[in-house]
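Structure record follows, encoded as structure tokens.
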Amino acid sequence: ASDYIRQLCTASKTSLEHLFIVPGNHDVERGGDDRTKIIDRITDWKTDYYKSNDGAISSSDFEVLKSGQTSFHSFVSELLGTDRAKRYSAPHFSVQTEHFNVLHLDTTLTYGNGHDRDFIIGTQALLDALDECDPNMPTILLTHYSFDFLMMNERDQVETILNEYHVQLWIAGHEHENLIRWQREKFIECQS
């Protein structure tokens, strides 16, 4: 896959520096008892373990959630180099280009066995990543899953946060179809 993507970049005259990748459902090893238990706790709306308005997920929980992406991290390291691959250990992060911020949002954090919708991204981690962005440039949000895949409470908080930070565009890929829409008339979401 790395060689193929390099060939695509060469053919399209795109440098690897301008190649932006986020993990998708095929990049996550779904199993693992510890990961499954944490996903169950975080997504259980009947408890106070995670609340979208606070958005806090412990670093130890994030570490276990990201442990399902070992192969993906190896791939990114091979393709983009170890320095850039280190960024993927964070739940979300921003890359500044000459003209805009590209906010990499991992929407697969709570993807797993029995959990293929109603995701949690950790709104505090989203805020931390947005604080990395240059406020003088537009911000593009890059995800695998679209806004509709988030839990309802998470959607409400994310929408508020993205509006406060003036995020201009959300690009998502899981749907495998072209769709451009205004998301509640506040930001644009593209799926491809």
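Tabulated values for the structure
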item: Magnitude of the charge dipole, segment 37-192, Cβ model with Lys/Arg +1 and Asp/Glu -1, debye to 20; result: 200
item: Net length gained if the chain between residue 96 and residue 58 were fully extended (0.36 nm per residue, minus Cα distance); result: 11.0 nm
item: The chain: most fluctuating residue of 180, 57, 42 per GNM, C-alpha cutoff 10 Å; result: 180
item: Cα-based Lys proximity count in the chain, under 25 Å, for pairs eight or more positions apart or on separate chains; result: 7
item: Förster radius 22 Å - calculated FRET efficiency between residue 44 and residue 160 (Cβ-Cβ, nearest 0.05); result: 0.45
item: Under 16 Å from the residue 25 label point (7 Å along Cα→beta-carbon), backbone N, segment 90-118; result: 107-118
item: By accessible area with a 1.4 Å probe, ligands and nucleic acids excluded, highest first: order of 47, 97; result: 47, 97
item: Per-residue HN-Hα couplings for segment 82-89 [Karplus 6.51, -1.76, 1.60; θ = phi - 60°; Hz; x = Gly/Pro]; result: 5, 4, 5, 5, 4, 4, 6, 6
item: Per-residue SASA entry for residue 70, accessible area with 1.4 Å probe, Å² rounded to 10; result: 80
item: Where the Cα pairs of the chain fall when distances are cut into 10 Å bins, in %; result: 9, 36, 39, 15, 1, 0
item: Gyration tensor (alpha-carbon) shape descriptor, segment 13-120, a/c threshold 1.5; result: prolate
item: Karplus-derived HN-Hα couplings along segment 96-110 (A = 6.51, B = -1.76, C = 1.60, θ = phi - 60°), whole Hz, x at Gly and Pro; result: 8, 9, 5, 10, 7, 8, 10, 8, 8, 10, 8, 8, 9, 3, 9
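The values are calculated or read from the model by the stated rules, or taken from the named source; none is laboratory data. Every value quoted in this text rests on a predicted model; they were computed, and no experiment measured them. Glycine gets a Cβ as well: all are built from the backbone with ideal geometry, and neighbour counts include every protein chain shown. In case anyone asks, the SASA skips ligands and DNA or RNA and just uses the protein heavy atoms, side chains included. Shrake-Rupley method; radii C 1.70, N 1.55, O 1.52, S 1.80 Å.
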